[in-house]
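The values are calculated or read from the model by the stated rules, or taken from the named source; none is laboratory data. Here the structure is a predicted model, which means the values were calculated and not measured. Here the Cβ is made from the backbone with ideal geometry for all residues, glycine too, and neighbour counts use every protein chain on show.
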Amino acid sequence: MINEERVLKHFLELVQIDSESGQEGEFAGALVKELQDLGLQVWTDNAGEKVGATGNNVYGYLPGDLDIEPLLFSSHMDTVVPGKGIKPVIKDNVIYSSGDTILASDDKSGVVAILEALRVIKEKKCSHGPIEVVFTISEEVGLKGSKNLEYNKLKSKKAYVLDSSGDVGKIIRQAPAQNKLIFKVIGKSAHAGVAPEEGISAIQVAAEAVSKMKLLRIDEETTANIGSFKGGVATNIVCPEVEIVAETRSLDNEKVEAQTNHMIRCFQDAAKKFGAKVEYEVDKMYQGYTIPDDDMLVALVKKACDNLEIKANPTSSGGGSDANIYNGNGIQAVNLGTGMSKVHTVEEYITLENLFNCAKLTLDLMLRGE
Ligand SMILES: [Zn+2]
């Protein structure tokens with residue numbers, strides 16, 4: 001039912017509207033207009049002001065003629081860098097950038113699928129349930145748009161986020177929680193040659209802490225990593241301060257907390273042993289989620305995949321997306337593959353087959369597989 005030529009033309013237009021994170025204003029304006037033209041009730045919030053972006057989250061609502069529960073469809077508007085002046089190129093049924101920018105199929109493949117599905121519904125006057133749409137800002141820089149949504153205005157309790165790499169049919173029904181940890185070890189400087197006993201080496205304290213720490217693969221669903229270790233002045237000065245930035249992730253929210261506490265304890269024990277001080281900050285980036293394999297959200301995608309004769313692939317992810325934030329705010333969500341590939345690189349591409357399948361799948365989900 002979708003119009004492939006229109007999807008392609010629309011996608012090529014959308015990727016040519018610049019929308020690097022924080023500069024989504026023009027793109028958000030274009031989407032507001034499109035949703036209004038499609039007959040949705042449209043509004044925006046003031047998330048841009050809160051996170052320092054030129055655009056705000058865009059919301060749309062289309063009441064249905066069927067009395068069934070509403071479904072939310074969501075993609076993000078922002079792109080990573082370099083995302084200015086994108087010139088898409090089509091070669092052998094694959095869309096690439098011209099090689100000096102990203103393509104922005106992350107996440108405009110999701111945006112175009114949602115808009116095309118809505119257009120078909122309007123055009124063909126399809127019978128449907130209530131449909132909500134949310135386009136978020138600043139996803140790529142810490143899920144900032146979805147963290148600042150007006151959740152009290154959303155009607156849906158179930159959502160599809162269209163924002164995963166991998167072929168259409170991929171269903172991320174499980175994703176980890178992540179905490180970011182910043183440690184500052186404060187020792188005491190002294191002349192390393194003349195009076196080293198008067199100093200406390202922050203490097204030595206931090207090294208002791210890290211050496212006692214469980215890191216990397218903790219168990220099959222939990223990981224931890226020290227990402228950076230900064231400090232030191234000169235060889236003749238006992239190092240007074242170091243800063244360590246680390247993360248831990250797990251599919252189990254409690255295990256993330258346990259690993260976080262373990263890492264804090266290692267620093268505290270080492271600081272105590274050497275008489276140093278430790279300060280730390282824990283940034284809870286996002287919570288993890290698991291949607292059961294037999295949940296309606298997953299079942300509906302499987303049914304849609306059957307209809308399209310493509311393979312459904314329920315799986316888990318090692319990263320976070322807006323779906324984590326929806327789940328943390330009481331809206332069950334899965335993240336779906338749109339076919340975007342090699343994202344966050346200038347080699348990013350998407351096949352026409354995936355681009356069209358994503359729109360077909362989205363339409364099928366909006367129509368609940370009917
Ligand atoms: Zn994305």
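Restricting to the range 91-106, count the residues that are touching a residue at least 60 places away in the same chain (Cβ under 8 Å) and either away from the ligand (no atom under 16 Å from the Cβ) or within 14 Å of residue 8 (Cβ to Cβ) (or both). So the answer is 8. Among the residues of the range 74-96, those identified as surrounded by 13 or more Cβ atoms within 10 Å (Cβ to Cβ) and touching a helix residue (DSSP H, G or I) at 6+ places or on another chain (Cβ under 8 Å) are 74, 75, 76, 77, 78, 79, 80, 86, 88, 94, 95.
All conditions but one from (1) more than 16 Å from the ligand (Cβ to nearest atom); (2) in contact with a strand residue (DSSP E or B) (Cβ under 8 Å, 6 or more places away or on another chain) apply to residue 79; the one that does not is (1).
Just one of the listed residues (103, 118) is buried (at least 24 other Cβ atoms within 10 Å of the Cβ) and either at pLDDT below 95 or assigned to a helix (DSSP H, G or I) (or both), and it is 118. Here are the criteria: (1) in contact with a helix residue (DSSP H, G or I) (Cβ under 8 Å, 6 or more places away or on another chain); (2) more than 30 Å from residue 323 (Cβ to Cβ); (3) of a type in the set (Asp, Glu). Tell me which single one residue 219 does not satisfy. Only one criterion in (1) in contact with a helix residue (DSSP H, G or I) (Cβ under 8 Å, 6 or more places away or on another chain); (2) more than 30 Å from residue 323 (Cβ to Cβ); (3) of a type in the set (Asp, Glu) is unmet by residue 219, namely (2). Among the residues making up the range 326-361, those that are assigned to a helix (DSSP H, G or I), touching a Gly at 6+ places or on another chain (Cβ under 9 Å) and within 16 Å of the ligand (Cβ to nearest atom) are 354, 355, 358. Filtering the range 30-55 to residues that are of a type in the set (Asp, Glu) and either at pLDDT below 95 or assigned to a helix (DSSP H, G or I) (or both) leaves 34, 37, 49.
Residues that are crowded, with 18+ Cβ neighbours inside 10 Å and in a helix (DSSP H, G or I): does the range 20-29 have at least one? Yes.
Taken as a whole, the condition of being buried (at least 23 other Cβ atoms within 10 Å of the Cβ), over 12 Å from the mean Cα position of the chain (by Cα), of a type in the set (A, V, I, L, M, F, W, C) and away from the ligand (no atom under 16 Å from the Cβ) does not apply to residue 182. The number of residues in the range 136-166 that are assigned to a strand (DSSP E or B), within 16 Å of the ligand (Cβ to nearest atom) and out of contact with any Phe, Trp or Tyr (no Cβ under 8 Å at 6 or more places or on another chain) comes to 3.
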